[in-house]
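These notes concern the structure reproduced below.
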Amino acid sequence: MRGERMLRTILEFHAYRDKFMREACRMESNMAFRAEEDAAGGYERVKSYLLGRHLSGPDRQRAEEALLDIVDKCGPVVDAYPTWHPLVVNHDGRHPETNPNERCGYEGLDHTRHFAHGFITCPYGNPDRVIEAVEALPSHPCATITAEQVDIPFYADGTTPVLVRCEWSQPLNPGKMVPKSLAVPLMLEQELPCWRWAERAESWETMRPYLLGVPHGARSSLFVEQDTAIAMKNIYMAMVQSGMFGPLKMG
């Protein structure tokens, strides 16, 4: 039964990766970003990090199956979140965060790796600090953040891995992409209040990693499709051109 489930999960992962390949082929040929390469490369890096030399034989197979299951639930490996993502949104508005940490409400994180809609953290010893901090996060109108202990020896012997997930209240688009109907208003909620204190407007090139997440290309990322990213850019630039943030910062 475990072998069948492992095979099914692997097949689903490859089908998921193929989706990114088709998306990348629709992009301009001169774009450096290749979604399928980033998704596959990120998975291999996290696999190498979490499935260390301490795992072998059946234990390693079980851990890889668990990792594939996390990818299936939480989406591809990422380096940083958009600042409007529910996993990092509880931060100081003047100092946005793109990775989960104590400044956006988490405690006890250690040896952490990120996925589009969740992250795995591997503290040594008792994981209660992580779980209690997640349970104390403010409620979000579009998502629920949950934390659960994972019975897999990720990273090293002696760690107690915890999976933190962002479970959206609305269905995601294929490939675990955040739909435009969610990404655009969440971005607006994040950026609009800045007009009260901003002195200079940032360019789209500067803001792109904050609004699209990392990795990203010119017009898409592992969080949002091209159509959504273009809409976000147009709306952001309309705000900039209104002068509400002040003159555009040069250089």
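The table that follows gives values for the structure above.
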| item | result |
| --- | --- |
| Within a Gaussian network of the chain (alpha carbon springs, distance under 10 Å), most fluctuating of Gln170, Gln149, Gln190 | Gln170 |
| Convex hull per residue volume in Å³, alpha carbons only, for the chain | 133 |
| All-pairs alpha carbon distance profile, segment 115-155, 5 Å steps from 0, percent | 5, 19, 29, 25, 15, 6, 2 |
| All-pairs alpha carbon distance profile, segment 110-237, 10 Å steps from 0, percent | 11, 34, 30, 20, 5 |
| Label-to-label distance, nm, for residues given as Ser203 and Met250 (7 Å Cα→Cβ offset) | 1.2 |
| Environment charge at Gly108 (Cβ cut-off 12 Å; Lys +1, Arg +1, Asp -1, Glu -1) | -4 |
| Average Cα contact separation per residue, the chain, under 8 Å, 6 or more apart, as relative contact order % | 19 |
| Point-to-point label distance, Lys47-Ile230, nm (Cα→Cβ direction, 7 Å offset) | 3.5 |
| Listed peptides 111-124, 206-219 by packing density, highest first (mean Cβ within 10 Å) | 111-124, 206-219 |
| For His117, net neighbour charge (Lys/Arg +1, Asp/Glu -1) across residues whose Cβ lies under 14 Å away | +1 |
| Cβ charges +1 (Lys, Arg) and -1 (Asp, Glu), total dipole of segment 39-170, debye | 340 |
| Cα-based equivalent ellipsoid of segment 36-163: semi-axis lengths in Å, sorted from largest, via gyration tensor | 25, 17, 12 |
| Candidate aspartates and glutamates for bridging to Lys73, where Cα separation is under 12 Å - those fewer than 8 sequence places away on the same chain excluded | Glu12, Glu167 |
| Amide H partners (placed H, <5 Å) of Phe115, local residues excluded | Val78, Ile120 |
| Evaluated at q = 0.12, 0.14 Å⁻¹: base-10 log I(q)/I(0), Debye formula over Cα of segment 168-251 | -0.35, -0.48 |
| Centre separation in Å (Cα based) which lies between segment 38-62 and segment 129-171 | 20 |
| Descending semi-axes in whole angstrom, ellipsoid equivalent of segment 43-83, from the Cα gyration tensor | 22, 12, 6 |
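Each reported figure results from applying straightforward, stated rules to the coordinates on display, with no laboratory input. Remember, it's a predicted structure, so these values are computed and weren't measured experimentally. Backbone-built Cβ (ideal geometry, glycine too); neighbour counts: all protein chains shown.
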